[in-house]
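Peer 1: Dropping a structure here in structure tokens format, bear with me for questions.
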Amino acid sequence: MAATKTYLTGIQTSGMPHLGNYVGAIKPALEAAESNDTLYFLADYHALNSVKDPEKLRHDVRSVAATWLACGLDPERTLLYRQSAIPEVFELATILSSVTAKGLMNRAHAYKAARDRNAEAGVEDLDAGVNMGLFNYPVLMAADILVMAADVVPVGRDQRQHIEYTADIAGSFNHIYGSSYAFPIPRGAYPEGEGSMLPGIDGRKMSKSYDNHIPLFLPAGRLKKLVRRIPTDSTPVEAPKDPDSSAVFQLLSHFADEERTAAARKRLEQGGMGWGELKNELFEVLDATFGPMRERYDALMEPGSELDGILADGAARARERARATLARVRSAIGIA
Ligand code: ADP
Ligand code: TRP
């Protein structure tokens, strides 16, 4: 039997996840949870760098946790916790800082992008608007991963550098203290191919940053309105249409069964199906797929629901692992 691997990932808490996040991140993560040891946490201290509204931060963290649970995360099997509930993460981040080259952080993509934006805008101080949280982001992320001794970190491709940095930082630590304690070197697991990218309502990759996304649990009425607003051309109902050029069809084919997709394709190609009717189909399929999850989501979002208990339980179990790592790390570095 292959040894079970520990899978860990951090979930951004910026607003309600969308269909693209579901397809590209949530669903594969829930599948991985069926046969692996899994820890999924809400990266609320990472969010603090950009979210300075306490009400929003509180709400977003609950909303993202409720989303994962509503999508089927089993909290018995997967540890779901808030990053902020594991103080060992922050202690380890401080320890890791002492073995991390500043030059490595200078070359981090997110930090460099912030400086580039200043340069383009003609701002003299290239560090203007950059807080230390952004600069230290990769160290905190390394601590998230290493404190749980994770083997595999499923993330989007944009996170590749962060995983390489984590391996680098772990390597520096191991080089110095490895005879007493060595971190396992984690590897990233990235989605395969561009084909896994769900398009948004304008046909580009669905992304919050393009504002072309469909949030997972919109109330039915708002979902319907959003689907009706997806831009389409003015080809008349009777005219033949190219299904593959339509974002509505691509979304439908992703969520409808094969039979329904094939029937819609045929009617579009032959002529006789208008975009309006296709949109109604898409709404029906999305509502049928996500309606039951939305009910569970709404229930979890009620004040006093079991959500907070689930997070507290996940944190207690995750903390045991973090404490065990920290005990060994402290002893290795000479602080005990
Ligand atoms: P956004 O682009 O909306 O800011 P994120 O970058 O926060 O989304 O993505 C979080 C996770 O969701 C990542 O693992 C990413 O690969 C996945 N993801 C985001 N958008 C899509 C999409 N359109 N199709 C498939 N996966 C996606
Ligand atoms: N940086 C990740 C993102 O933007 C979120 C994250 C924080 C993370 N800590 C992590 C992911 C640790 C994996 C492991 O998506």
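Any read-out appearing in this document is the output of simple, stated calculations on the displayed coordinates, not a laboratory observation. As the structure is a prediction and not an experimental result, all values here were calculated from the model. Using ideal geometry, Cβ is built from the backbone for each residue, glycine included, and neighbour counts are taken over all protein chains shown.
Peer 1: Tell me, what is the percent relative contact order of the chain, built from C-alpha pairs under 8 Å that lie six or more residues apart?
Peer 2: Answer for the chain is 22 percent.
Peer 1: How large is the Kirkwood hydrodynamic radius of segment 3-106, in angstrom, based on all distinct alpha carbon pairs?
Peer 2: Hydrodynamic radius (Kirkwood, Cα only) of segment 3-106 equals 15.1 Å.
Peer 1: Separate question: Tell me the net charge near S84. Cut-off is 14 Å between Cβ atoms, S84 excluded, with +1 for each Lys or Arg and -1 for each Asp or Glu.
Peer 2: Net of charged neighbours comes to -2.
Peer 1: Collect residues whose amide H, placed 1.01 Å from N in the peptide plane, falls under 5 Å from the amide H of L42; neighbours closer than 5 in sequence don't count.
Peer 2: I11, Y81, R82, Q83
Peer 1: Ok, one more. HN-Hα J couplings of segment 42-48 from phi, Karplus 6.51/-1.76/1.60, θ = phi - 60°, integer Hz, Gly and Pro as x?
Peer 2: The phi angles translate into 8, 7, 6, 6, 5, 5, 4 Hz.
Peer 1: OK, next. Using a Förster distance of 51 Å, how high is the FRET efficiency between S179 and S234, based on the Cβ-Cβ distance and rounded to 0.05?
Peer 2: 0.10
Peer 1: I need the calculated FRET efficiency for the pair D158 and A101, taking r as the beta carbon distance and R₀ as 22 Å, to the nearest 0.05.
Peer 2: About 0.50, to the nearest 0.05.
Peer 1: Explain nothing, just the number: relative contact order of segment 232-336, from Cα pairs under 8 Å at least 6 residues apart, as a whole percent.
Peer 2: For segment 232-336, the relative contact order is 24 percent.
Peer 1: Filter the cross-link list K224/K279; K225/K279; K5/K27; K241/K266; K225/K266; K52/K112 down to pairs whose alpha-carbon distance in this structure exceeds 20 Å.
Peer 2: K225/K266; K52/K112
Peer 1: Sticking with the crude label model, points 7 Å out along Cα→Cβ, report the distance from D211 to S172 in nm, one decimal please.
Peer 2: Those two pseudo-labels are separated by 4.0 nm.
Peer 1: Say R0 is 35 Å: what FRET efficiency, to the nearest 0.05, do D244 and A149 get from their beta-carbon distance?
Peer 2: E(calc), rounded to 0.05, equals 0.15.
Peer 1: Next question. Gaussian network model of the chain, Cα springs within a sub-10 Å range: biggest mean-square fluctuation belongs to which of G203, G291, G193?
Peer 2: Highest fluctuation of the listed residues: G193.
Peer 1: Using the membrane-span-like helix rule (whole DSSP H runs, Cα extent along the own axis of at least 15 Å, mean Kyte-Doolittle hydropathy at least 0.0), which helices of the chain qualify?
Peer 2: Qualifying helices: 87-97, 132-146.
Peer 1: Starting from the Cα of D74, step 7 Å toward the Cβ, then list every residue of segment 1-36 with an amide N under 13 Å from that point.
Peer 2: 30-36
Peer 1: Now for a separate question. So, in Å, what gap is there between the alpha-carbon centers of segment 83-136 and segment 1-63?
Peer 2: 21
Peer 1: Would you please give the residues with an amide H less than 5 Å from that of H18, counting only those at least 5 places away or on a separate chain, with H modeled from the backbone geometry?
Peer 2: L216
Peer 1: Another question about this same structure. Would you mind checking which residues have amide H under 5 Å from G156's amide H? H placed 1.01 Å from N; only 5 or more apart, or other chain.
Peer 2: none
Peer 1: Of A66, A316, A150, which is the most mobile in a GNM of the chain whose springs link Cα atoms less than 10 angstrom apart?
Peer 2: A316
Peer 1: Still on this structure: Can you find, among V329, P17, S246, the residue sitting farthest towards the positive end of the charge dipole of the chain, where Lys and Arg contribute +1 and Asp and Glu -1 at Cβ?
Peer 2: Final value for the positive-end residue is V329.
Peer 1: Could you give the distance between the Cα centres of segment 299-322 and segment 242-298, to the whole Å?
Peer 2: Taking the Cα centre of each part, segment 299-322 and segment 242-298 sit 36 Å apart.
Peer 1: Suppose we take every Cα in segment 193-336 and form the convex hull; what volume per residue is that in Å³?
Peer 2: 181
Peer 1: Ok, one more. Normalised by the number of residues in segment 1-85, what is the relative contact order in percent for Cα pairs under 8 Å and 6+ residues apart?
Peer 2: Relative contact order of segment 1-85: 41 percent.
Peer 1: Which ordering of L126, L8 is given by a fewest-first count of other beta-carbon atoms within 10 Å?
Peer 2: L126, L8
Peer 1: With just the Cα atoms of segment 219-277, tell me how far they stretch along each of the three principal axes, in Å, largest first.
Peer 2: 34, 27, 16
Peer 1: Across the chain, how large is the tail of the calculated P(r) beyond 34 Å, expressed as a percent of all Cα pairs?
Peer 2: I get 34 percent for the Cα pairs in the chain exceeding 34 Å.
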